[in-house]
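The values are calculated or read from the model by the stated rules, or taken from the named source; none is laboratory data. Keep in mind that this is a model prediction, so the values were computed, not measured. Positions of Cβ are backbone-derived with ideal geometry, glycine not excepted, and every protein chain shown enters the neighbour counts.
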Amino acid sequence: MTTNSASQNHDNSLAYWNQLASHNPEQAADELLRRLEAVPAEERRKAIVAMPERAQLAERFAAASAGASAGATTALRGVPYLLKDLFDVRGELTGCSSPVTGAAGRPAERDGHLQTIMLDVGGVYCGRTHMNEFAYGLDGKNAHFGNCPNPHDAARVSGGSSSGSAWAVGKGIVPLAFGTDTGGSVRVPASYCGVYGFRRGVDNWATDGVFPLASSFDTVGWFTPSATDMQATLAELWEAGAAAQTHEESKPGLWYLPESVPIPAELREPMERIAELVGTARDRAAAEALDALLPDATTAYNVIGSSEAYEVHKDWLEPYREQYDPVVWALIDRGRHWSPGRREEAEQVKAKMRALVSELLERYGFVALPAVAMPTPLQEEIDATYRSLTLQLSVTASLSGFPVLTIPVPVAPGTYGGVQIVLPPQPNSLPREILDRLTQ
């Protein structure tokens, strides 16, 4: 059954919330809660971990308004945002959407890096969102709290693991929500929820105050409802504080369709139109080089990722085994069984992928490829093939560790795909220029 998104009826832009919070903080708190309460309780339960009471929300909006009055204005001041349930917020349990942390964890003693930055720019923290347990998954399913629905059709998947955050933006509850991306956990839900997504390159944002999945690949990302809002957020959170590089306009992007991943025409054709709009070219030799590395790359991702996840969870796996989803437990536990030689091989493949993508980014401005292999699937259509195909699309960026902009691709009412734009690692103006091309 298709459900209407709040964003279909109400403005959900950064500018709307910025102005509302600055003029009437009480009304901003009421509006946020009204949007959330308009969603069926069962759907909310599967997407939202917790939100503050109305009085606390009003206080936070008022604090943002006071900051604006004092002259500390940013595009994110007064903007309500949500955090995936693996970011540290002082005094809150970082739950990772798992009962294991309820038994073994404790409240965070300080705010993580991302939370500190968002408070500094005047954002209004409004709560936590559900995810695949411990971020191990690409579908938004959770055996403990329920499968996060798609914001446009509850019978379809949200994508994962940053499922609740993408849902909240796609549903029109907030204009900004944060997730993480290890093997596609921003790119996949951005695609399926029809919102814009960005994952930073692997840097300190990925390690400070974020519960790890696999530290070699983990990084932070966010979702916005529009290209305009993504541009503004990029300026605040990616380019700010860095010497942004000037993009060389003469360099086209590379459009890459992995040979091993069948993309149905209903999705491939609108993806290729996006690729044309942002300025890409095909390169048979480059595609063949990527195709040749892809089988080893997916294996390497699984070996390194599960090995690093095992190191995080090794003291919990046996004592709390009954509290893990058995599927998640098995994915993590396999990490103990890889031989040192197998791990070394995987590291070599990772290095090869980074070298290859780096070389391509010297010749091309960016590398564009599909973010997902099918339009938004139904919940019951998720299987091992889904995970395999999705990983084949995501490992190029995951192993190389580079930033990625995800552009949603409408396919049919309620269903979407996405194009991922792999970017050079240094903050630069390129993603905003790409978004400009799409809105002209």
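For region 181-210, give me the residue count where each residue is more than 21 Å from residue 395 (Cα to Cα) and either acidic (Asp, Glu) or surrounded by fewer than 24 Cβ atoms within 10 Å (Cβ to Cβ) (or both).
2
Could you check region 309-332 and list, in sequence order, the residues that are out of contact with any helix residue (DSSP H, G or I) (no Cβ under 7 Å at 6 or more places or on another chain) and under 21 Å from residue 181 (Cα atoms)?
311, 312, 327, 330
Out of 376, 385, 390, 396, I need the residue that is without any contact (Cβ under 8 Å) to a residue 40 or more places away in the chain and within 29 Å of residue 150 (Cβ to Cβ). Which one?
Result of the check over 376, 385, 390, 396: 385.
Residues of region 283-302 being charged (D, E, K, R) and surrounded by 13 or more Cβ atoms within 10 Å (Cβ to Cβ), which ones?
Within region 283-302, 283, 291, 296 meet the criteria.
Report, ordered by the first and then the second residue, all pairs with beta carbons closer than 7 Å, sequence separation of six or more or different chains, a first member in region 32-50 that is more than 13 Å from residue 170 (Cα to Cα), and a second member that is surrounded by fewer than 18 Cβ atoms within 10 Å (Cβ to Cβ).
33/54; 45/146; 46/146
I'm trying to understand the selection: among the residues of region 389-414, which are over 15 Å from the mean Cα position of the chain (by Cα), farther than 14 Å from residue 184 by Cβ and not aliphatic (A, V, I, L, M)?
Listed by number, the residues that qualify are 410, 413, 414.
Return the pair list, or none, for Cβ contacts closer than 6 Å from residues in region 95-110 that are more than 9 Å from residue 323 (Cβ to Cβ) and in contact (Cβ under 8 Å) with a residue 24 or more places away in the chain to residues that are hydroxyl-bearing (Ser, Thr, Tyr) and in a loop (DSSP other than H, G, I, E, B), at least 6 apart or on different chains.
108/94
Name every residue in region 263-282 that is in contact with a helix residue (DSSP H, G or I) (Cβ under 8 Å, 6 or more places away or on another chain) and in a loop (DSSP other than H, G, I, E, B), in order of residue number.
263, 279
Considering only region 124-133, I want to know if a residue exists there that is aliphatic (A, V, I, L, M), farther than 27 Å from residue 428 by Cα and out of contact with any Pro (no Cβ under 8 Å at 6 or more places or on another chain).
Yes - at least one qualifying residue is present in region 124-133.
I'm trying to understand the selection: among the residues of region 420-432, which are farther than 21 Å from residue 301 by Cα and either in a strand (DSSP E or B) or of a type in the set (A, V, I, L, M) (or both)?
428, 430
One line per residue, one yes/no per condition, for (1) small (Gly, Ala, Ser); (2) within 24 Å of the chain's Cα centre (by Cα); (3) at pLDDT below 95; (4) at positive phi:
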| residue | (1), (2), (3), (4) |
| --- | --- |
| 283 | no, no, no, no |
| 286 | yes, no, no, no |
| 294 | no, yes, no, no |
| 314 | no, no, no, no |
| 329 | no, yes, no, no |
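Which residue out of 435, 405, 399 is outside any loop (DSSP other than H, G, I, E, B) and either surrounded by fewer than 24 Cβ atoms within 10 Å (Cβ to Cβ) or in contact with a His (Cβ under 7 Å, 6 or more places away or on another chain) (or both)?
When all the criteria are applied, what remains is 435.
Take residue 66 and tell me if it is farther than 26 Å from residue 312 by Cα, over 24 Å from the mean Cα position of the chain (by Cα) and without any contact (Cβ under 8 Å) to a residue 24 or more places away in the chain.
In short, yes.
Looking only at region 364-396, which residues are assigned to a loop (DSSP other than H, G, I, E, B) and acidic (Asp, Glu)?
Of everything in region 364-396, just one residue is assigned to a loop (DSSP other than H, G, I, E, B) and acidic (Asp, Glu), namely 383.
When the residues of region 256-274 are filtered to those that are touching a residue at least 40 places away in the same chain (Cβ under 8 Å) and of a type in the set (A, V, I, L, M), which remaining residue is nearest to residue 437 (Cα to Cα)?
The extreme case among them is 274.
Kindly indicate the residue of region 161-216 that is among the hydrophobic types (A, V, I, L, M, F, W, C), under 11 Å from the mean Cα position of the chain (by Cα) and assigned to a loop (DSSP other than H, G, I, E, B) and also nearest to residue 107 (Cα to Cα) among those meeting that condition.
186
Exactly one condition in (1) out of contact with any Lys or Arg (no Cβ under 8 Å at 6 or more places or on another chain); (2) surrounded by fewer than 16 Cβ atoms within 10 Å (Cβ to Cβ) is not met by residue 378; state its number.
Every listed condition holds for residue 378 apart from (1).
Is it the case that region 117-139 has a residue that's part of a helix (DSSP H, G or I), modelled with pLDDT under 95 and among the β-branched types (Val, Ile, Thr)?
Within region 117-139, one or more residues are part of a helix (DSSP H, G or I), modelled with pLDDT under 95 and among the β-branched types (Val, Ile, Thr).
Run down 290, 331 and say which single residue is farther than 25 Å from residue 101 by Cα, out of contact with any Cys (no Cβ under 8 Å at 6 or more places or on another chain), in a helix (DSSP H, G or I) and of a type outside the set (Ser, Thr, Tyr).
Checking each option against the conditions leaves just 290.
Among the residues that make up region 97-117, is at least one of them hydrophobic (A, V, I, L, M, F, W, C) and under 25 Å from residue 16 (Cβ atoms)?
So far as region 97-117 goes, yes, one or more of its residues are hydrophobic (A, V, I, L, M, F, W, C) and under 25 Å from residue 16 (Cβ atoms).
For region 250-268, give me each residue that is over 23 Å from residue 423 (Cα atoms) and either among the hydrophobic types (A, V, I, L, M, F, W, C) or buried (at least 19 other Cβ atoms within 10 Å of the Cβ) (or both).
Passing the criteria: only 265.
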